[in-house]
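**Student:** Mind having a look at this structure? Questions to follow.
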Amino acid sequence: MSAALPDRVDVARQVQARRIYEGTLPLAAMPRLRGALATTEGEVRYHLEFGKDGLGVSYLGLRAEVGLPLVCQRTLEVFVLPVSLDERLGLIADERDEAALPPGYEPLLVEDGVIDLAAVIEDELILAVPVVPTKPGAPLEWQDAVDEESVEKPANPFAVLAGLKKN
């Protein structure tokens, strides 16, 4: 089922042909996403579908599923974050066209009429990575190993003034 994605595709031709791409893509092939991952083991299952809706808006439907190996920022343990994407990207040639997209569409700027499909998948996965990855069930507070009662409390610096007041 794994199909190699072309490096760059002509968007107009893909939309006209209602082209569909399905397959898997290794996480190791995503250089910009690798920095956020604990390891690059694993694959993304994707389904890309070009088309035109009833309003005449050209779109790229993207569905992807992957388990992203991340480092929990509370426990520093590696955990797998399940990510499931289901996006409809409106294909626009100019940033000003973004306002004309119907609700439910995310803009995808197409420069020179071509796009890199693997880069689009990688971009959407980067957006799915949380700013501060935390493992589900990780403790919310730090657990100090020091007993609070055994810690010596600092002396009050104003205790000397209390002695002067009595005199």
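We did not get these values from a lab; they are worked out from the coordinates using the rules stated. Owing to the predicted nature of the structure, the values given are computational and were not obtained by experimental measurement. Cβ: placed from backbone, ideal geometry, glycine included. Neighbour counts: every protein chain shown.
**Student:** Looking at the stretch 25-36, which of its residues are of a type outside the set (A, V, I, L, M) and in a strand (DSSP E or B)? Break it down stepwise before answering.
**Tutor:** Filtering the stretch 25-36 for residues of a type outside the set (A, V, I, L, M) gives 26, 31-32, 34-35.
Residue satisfying the conditions is PRO26 alone.
**Student:** Search the stretch 32-44 for residues being touching a residue at least 12 places away in the same chain (Cβ under 8 Å) and exposed (fewer than 15 other Cβ atoms within 10 Å of the Cβ), and hand back the single one that is nearest to ASP123 (Cα to Cα).
**Tutor:** My answer is ARG32.
**Student:** Would you confirm whether or not the stretch 28-44 contains a residue that is at positive phi and among the charged types (D, E, K, R)? Let's see the steps before the verdict.
**Tutor:** So the first thing to find is which residues in the stretch 28-44 are at positive phi, and the list is 42.
Right, trim to among the charged types (D, E, K, R) and you get none.
So far as the stretch 28-44 goes, no, none of its residues is at positive phi and among the charged types (D, E, K, R).
**Student:** Applying the selection to the stretch 80-102, what residues are surrounded by 13 or more Cβ atoms within 10 Å (Cβ to Cβ), of a type outside the set (A, V, I, L, M) and touching a strand residue (DSSP E or B) at 6+ places or on another chain (Cβ under 6 Å)?
**Tutor:** Listed by number, the residues that qualify are GLU87, ARG88, GLY90, GLU98.
**Student:** Quick test of your reading of the structure: VAL11 fulfils all but one of (1) out of contact with any Gly (no Cβ under 6 Å at 6 or more places or on another chain); (2) crowded, with 19+ Cβ neighbours inside 10 Å. Name the failing condition by number.
**Tutor:** Unmet for VAL11, out of (1) out of contact with any Gly (no Cβ under 6 Å at 6 or more places or on another chain); (2) crowded, with 19+ Cβ neighbours inside 10 Å: (1).
**Student:** Check whether at least one residue in the stretch 16-27 is β-branched (Val, Ile, Thr) and within 29 Å of GLY137 (Cβ to Cβ), and report yes or no.
**Tutor:** no
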